[in-house]
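Asks: One structure follows; several queries about it will come next.
The values are calculated or read from the model by the stated rules, or taken from the named source; none is laboratory data. As the structure is a computational prediction, the values presented were derived from the model and not from experiment. FYI the Cβ positions are ideal-geometry reconstructions off the backbone, even for glycines, and counts take in every protein chain you see. Just the protein is used for accessible areas: all its heavy atoms, side chains included, with ligands, DNA and RNA removed. Shrake-Rupley method; radii C 1.70, N 1.55, O 1.52, S 1.80 Å.
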Amino acid sequence: MSDLAFLIITLIISTVGITVSLILYFGQTVPSLSSKLLSCLILSLSCSAIGLVMPLTSVYTLYPNSYKIFAWSPFCIAPFAYLYVKTVLHQSIRLKRKYFFLFLPLVLYMLNRLPFYLLSQQEKEVFIQNIYQNYSLYFLEPEGLLPTGWAPAIRFVFLITMTAVTLYELFYKRRKIFDMISQIGKNKEIYRFQLVVTSILFFGIIASVVGVILQLKMHIDGNRMIVVSIWIELIIICLYLFTQPKILYGITGWVQEQVPVKSIDEASHHNSLGVEEEDDDDNIDYITIHRGRNILKTIDEHFRLIHPYTKIGYTITDLSKEINIPAYLISVVINQEFGNNFNEFVNDARISYLKTWKESDSNFDNYSIEYIGIAVGFASRTSFIAAVKKRTGLLPKDYLIQL
């Protein structure tokens, strides 16, 4: 494959990755912590790929200050992968401060590069010309405070170690998902996704080490091995997200307990476990089974007594204000326990309410489809028909007759 074709393919895949990353981070009404971390992982992979193919262009020659502008990204890949896996498996909703130390190697690495940034423009141009004449220097990174070759060695050790720790975390938690009495298929699929992503990342790092060795010892272009491994990682992640978007909702059921909460009906019963509930919603790292049950119980009672979802355009912010529970906690519980976003959850409640309404209103059969749809909170006849058909396979007229 020619350098130009290789460059174009890398830019296309990386652009798709960056786009998916931005959608994950900014495209959700209440983005979860895990989706943000996955977004950052995808962004780090995409930027790493772009950085690796930039020597195929004249960018560094024309703009010396841009030399290795994406050097930060490889140091972010393994920490974000670890945090994403750990966050999902532990059902975390907030990062502990100690995890920010995972990015200390990145800070130290960027400080190591200060000598290059302090060079004059002319000195940078000469340095880059030498790099192009002896491409092995690009991998050995002589531009920093550390002796030549130390920076890449430290980076590879850090990446391999962090990825190995991530794999250990996955294998350690496997029994919580596959050995539970109540088997949940979606949980297994999320686990497999994480295992595939982490495994490919691990072998990709090994391939990167081999590629660098081939470059230094045999003058074989090992850079492509590294980039191709990133291609595979990005393609698999994006395909998973496009074909199975519900993996973003996280593990269903609280895996730190043997029996997960699986429905509002189960959660509606008063908590008889005698465990004191946490008091401060703003200072928790994950939702315990007891807090989750109380949140679901509160939502269930509020919906049953007030029917607030009959308001057109009802949002998670509205519910948050009404029951005095932070929106991000409501979102986490609904996403995990029902595998739906808030809008789908509300539409389920609206469809369920139709039976209650019909039983309590003797004039129900005289109402038009348009009136019924708007009365239960749908903005239009079309949205009402679509919601009913999606859940029942029937048109509203036929479904209402069966109630």
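Asks: Exactly one of (1) over 14 Å from the mean Cα position of the chain (by Cα); (2) open to solvent by less than 40 Å² (accessible area, probe 1.4 Å) is unmet by Y82. Its number?
Replies: Every condition holds for Y82 apart from (1).
Asks: Give me a count of the residues in segment 288-306 that are open to solvent by less than 50 Å² (accessible area, probe 1.4 Å), over 21 Å from I93 (Cα atoms) and of a type outside the set (F, W, Y).
Replies: Qualifying residue count, segment 288-306: 2.
Asks: Given the structure, is E125 over 25 Å from the mean Cα position of the chain (by Cα), charged (D, E, K, R) and closer than 20 Å to V227 by Cα? Lay out the reasoning, then the answer.
Replies: Numbers: over 25 Å from the mean Cα position of the chain (by Cα): yes; charged (D, E, K, R): yes; closer than 20 Å to V227 by Cα: no.
No: the conditions fail for E125.
Asks: Kindly establish whether I351 is at pLDDT below 90 and within 30 Å of K188 (Cα to Cα).
Replies: Values: at pLDDT below 90: no; within 30 Å of K188 (Cα to Cα): yes.
Against the criterion (at pLDDT below 90 and within 30 Å of K188 (Cα to Cα)), I351 does not qualify.
Asks: Which pairs turn up if I take residues in segment 197-214 that are without any contact (Cβ under 8 Å) to a residue 12 or more places away in the chain and look for partners that are of a type in the set (G, A, S) and buried (at least 16 other Cβ atoms within 10 Å of the Cβ) with beta carbon separation below 9 Å, at least 6 apart in sequence or on another chain?
Replies: I213/G222; L214/G222
Asks: I need the helices (runs of 4 or more DSSP H) fully contained in segment 320-384, keeping only those with at least 3 residues that are in contact with a helix residue (DSSP H, G or I) (Cβ under 7 Å, 6 or more places away or on another chain), touching a residue at least 24 places away in the same chain (Cβ under 8 Å) and closer than 17 Å to D300 by Cβ.
Replies: Working: elements: 327-338, 342-360, 369-375.
Of the helices (runs of 4 or more DSSP H) lying wholly inside segment 320-384, those with at least 3 residues that are in contact with a helix residue (DSSP H, G or I) (Cβ under 7 Å, 6 or more places away or on another chain), touching a residue at least 24 places away in the same chain (Cβ under 8 Å) and closer than 17 Å to D300 by Cβ span 327-338, 342-360.
For (1) out of contact with any strand residue (DSSP E or B) (no Cβ under 8 Å at 6 or more places or on another chain); (2) open to solvent by 10 Å² or more (accessible area, probe 1.4 Å); (3) modelled with pLDDT of 90 or more; (4) outside any loop (DSSP other than H, G, I, E, B), each residue gets a yes or a no:
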| site | (1), (2), (3), (4) |
| --- | --- |
| A153 | yes, yes, yes, yes |
| V157 | yes, yes, yes, yes |
| T161 | yes, yes, yes, yes |
| L167 | yes, yes, yes, yes |
| K246 | yes, yes, no, yes |
| V255 | yes, no, no, no |
| D265 | yes, yes, no, yes |
